[in-house]
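The values are calculated or read from the model by the stated rules, or taken from the named source; none is laboratory data. In this text, all values refer to a predicted model and were calculated from it rather than measured experimentally. Please note: Cβ atoms are built from the backbone with ideal geometry, for glycine as well, and neighbour counts cover all protein chains shown.
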Amino acid sequence: MSKSSIAVDIGASSGRLIHGYVEEGKLKLQEIHRFENKIVHNGENFCWEIDKLFDEIKNGLKKCHELGIQPDSIGIDTWAVDFVLLDENDHLLTDAVAYRDPRTDGMMEEVFQTISKERLYLETGIQFQKFNTIYQLYSIKKNNPEILEKAKTFLMIPDYLNYLLTGVKANEYTNATSTQLVNAFTKKWDHQLLDHLGINKGMFQDIKLPKTVLGGLKQEIVNELGFDLDVILPATHDTGSAVVSVPETEGTIYLSSGTWSLIGVENHFPICIMKALDYNFTNEGGIDYRYRFLKNIMGLWMIQEVKRNLGDQYSFAQLVDLAREADGFTSTVNVDDERFLKPDNMMEAIQQYCSETSQEIPQTAGEMAKCIFDSLVISYQSAIDQIEEIYEQNFDRVNVIGGGCQNELLNQLIAEKTKKDVYAGPVEATAIGNVAAQLIALNELKDINEARTMIKDSFEVKKYTSLIEER
Ligand code: LFR
């Protein structure tokens, strides 16, 4: 009987528990539990409902038990950069504040007064996003110093969920790199940087790598669930797990498509050069010390918000159909404009942008969707140009992975714009990468190469080519 693992994959709008195992040489997935995730306002900040997320993980494990499934391990991945701080009694010092909270407004510029942008980039290789952990911590230091004084433990969201399950405190490597506080070369917390910022380095935990077995469940959780299993670290940064699922990385630009669009290439070394800084590319840590050289693009968040603004009267598939019908609508926005990070109303923000730039203002749902998809594709193309310039090389293929690769219109638009072959799949990239890391740790799979070969044989990948070129 082969070993099996549960991937807990929590994104900005939902979380899932997926059972993964090898059967007849193929990787199989079975969804066990799905739950909602959302940002709530606690009167002061926008936050994640962290206790609820933990309860849902336990609910999913209880469902496993009811279904007679006995996984050997569980691994958790979530979005990056967010964290909690614990006091000396291991109690939460604040809610889990979400990265879209405006507490970091202006913080990046303040940090640059202490440490130059160039030095930060040369040491960490991490992109400049105002929501990075470094700026979140700096905002606490500035506005709530008493919290930082009491803080004894820093855990990122998956680290904290792991701690609740096992009682073991550790910071997982791939997610830790997203803080902009890990040195890209030593792969450890950058103590000099922390000293410079006046942030207590003692609260950071040992950095543990993907595939590490953290340990079994705490006794009280075993009692509650009725069984034990190992907690294993996947790449706990969701994008890190997703990239594990790119079947062929050679000559490929991947595009992990979800709430964010993460476009880049897999590397074996960080590229901390001025051009990469200028283009704001990141070198996030990956599994086996690979680097994810990529760029964050605003992503499907924009259409998710429009869907919500429209009272959820249309499904994503319907919005895609409406976008097709709005074929003649050509206004576009710069998706990387900061106003789209957390506008009060996304539709109004888009309309305002079009008005300011003297373009036709999208009015219908279809026009909105068409504008978003066209705008995303422009941003993808520009990131691809930048990658090719930095690498001094052309890439033949774009591999779209993750939920967003089900958007056939967007895939076709990418093929038309880039004139490259576009491969779409696997859809469940993050969960697959999460399971793969666990199965390697359990010796079910040999290594990442074997995992990728199996992934290629196990999941559908569709090809799109430019129709315009072929005519
Ligand atoms: C995608 C993602 C991105 C990260 C953003 C914020 O879900 O993890 O990689 O930049 O969310 O954490």
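Just name the residue that is nearest to the ligand (Cβ to nearest atom) out of those in segment 64-98 that are in a helix (DSSP H, G or I) and in contact (Cβ under 8 Å) with a residue 12 or more places away in the chain.
From segment 64-98, those in a helix (DSSP H, G or I) are 64-66; that's our starting set.
Going one step further and asking which of them are in contact (Cβ under 8 Å) with a residue 12 or more places away in the chain, we end up with 64-65.
Numbers: 64: 25, 65: 29 Å.
That would be 64.
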Q.
Scan segment 169-182 and tell me whether some residue there is modelled with pLDDT of 95 or more, away from the ligand (no atom under 16 Å from the Cβ), within 30 Å of residue 223 (Cβ to Cβ) and not aliphatic (A, V, I, L, M).
A. yes
Q. How do the helices (runs of 4 or more DSSP H) wholly within segment 99-158 filter down when requiring 1 or more residues that are within 16 Å of residue 338 (Cβ to Cβ): which remain?
A. 107-114, 133-143
Q. Checking residue 391 against (1) out of contact with any strand residue (DSSP E or B) (no Cβ under 8 Å at 6 or more places or on another chain); (2) of a type in the set (Ser, Thr, Tyr); (3) in contact (Cβ under 8 Å) with a residue 60 or more places away in the chain, which test does it fail?
A. (1)
Q. Does segment 54-65 contain at least one residue that is surrounded by 14 or more Cβ atoms within 10 Å (Cβ to Cβ), more than 27 Å from residue 105 (Cβ to Cβ) and of a type in the set (Gly, Ala, Ser)?
A. yes
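If we only count strands (runs of 3 or more DSSP E) wholly inside segment 1-45, which ones have 3 or more residues that are under 20 Å from the mean Cα position of the chain (by Cα)?
Working: elements: 4-10, 14-23, 26-36, 39-41.
Result: 4-10, 14-23, 26-36.
Could you look through segment 225-263, keep only residues that are among the small types (Gly, Ala, Ser) and away from the ligand (no atom under 13 Å from the Cβ), and pick out the one that is surrounded by the fewest Cβ atoms within 10 Å (Cβ to Cβ)? Reasoning before the result, please.
If we filter segment 225-263 for residues that are among the small types (Gly, Ala, Ser), which is where we start, we get 226, 235, 240-242, 245, 251, 256-258, 261.
Then drop every residue that is not away from the ligand (no atom under 13 Å from the Cβ), which leaves 226, 245, 251.
Values: 226: 9, 245: 29, 251: 11.
Once the filter is applied, the top-ranked residue is 226.
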**Q.** Pairs, first in contact (Cβ under 8 Å) with a residue 60 or more places away in the chain in segment 100-119, second assigned to a loop (DSSP other than H, G, I, E, B) and among the aliphatic types (A, V, I, L, M), C-beta under 7 Å, six or more apart
**A.** 100/341
Q.
Need the failing condition index for residue 276 against (1) within 15 Å of the ligand (Cβ to nearest atom); (2) in contact with a Ser or Thr (Cβ under 9 Å, 6 or more places away or on another chain); (3) not charged (D, E, K, R), just the number.
A. (1)
Q) Taking helices (runs of 4 or more DSSP H) that do not extend beyond segment 282-356, which have at least 3 residues that are within 30 Å of residue 266 (Cα to Cα) and either touching an Asp or Glu at 6+ places or on another chain (Cβ under 6 Å) or of a type outside the set (A, V, I, L, M, F, W, C) (or both)? A) none
Q: Specify which of the listed residues (120, 93, 61) is under 23 Å from residue 434 (Cα atoms), over 20 Å from the mean Cα position of the chain (by Cα) and modelled with pLDDT of 95 or more.
A: 61
Q. Is it fair to say residue 112 is surrounded by fewer than 20 Cβ atoms within 10 Å (Cβ to Cβ) and at pLDDT 95 or above?
A. yes
Q. In segment 163-191, what residues are touching a helix residue (DSSP H, G or I) at 6+ places or on another chain (Cβ under 8 Å) and assigned to a helix (DSSP H, G or I)?
A. 164, 165, 174, 175, 177, 191
Q) Which one of 383, 437 is under 23 Å from residue 334 (Cα atoms) and either touching a Lys or Arg at 6+ places or on another chain (Cβ under 6 Å) or not in a helix (DSSP H, G or I) (or both)? A) 383
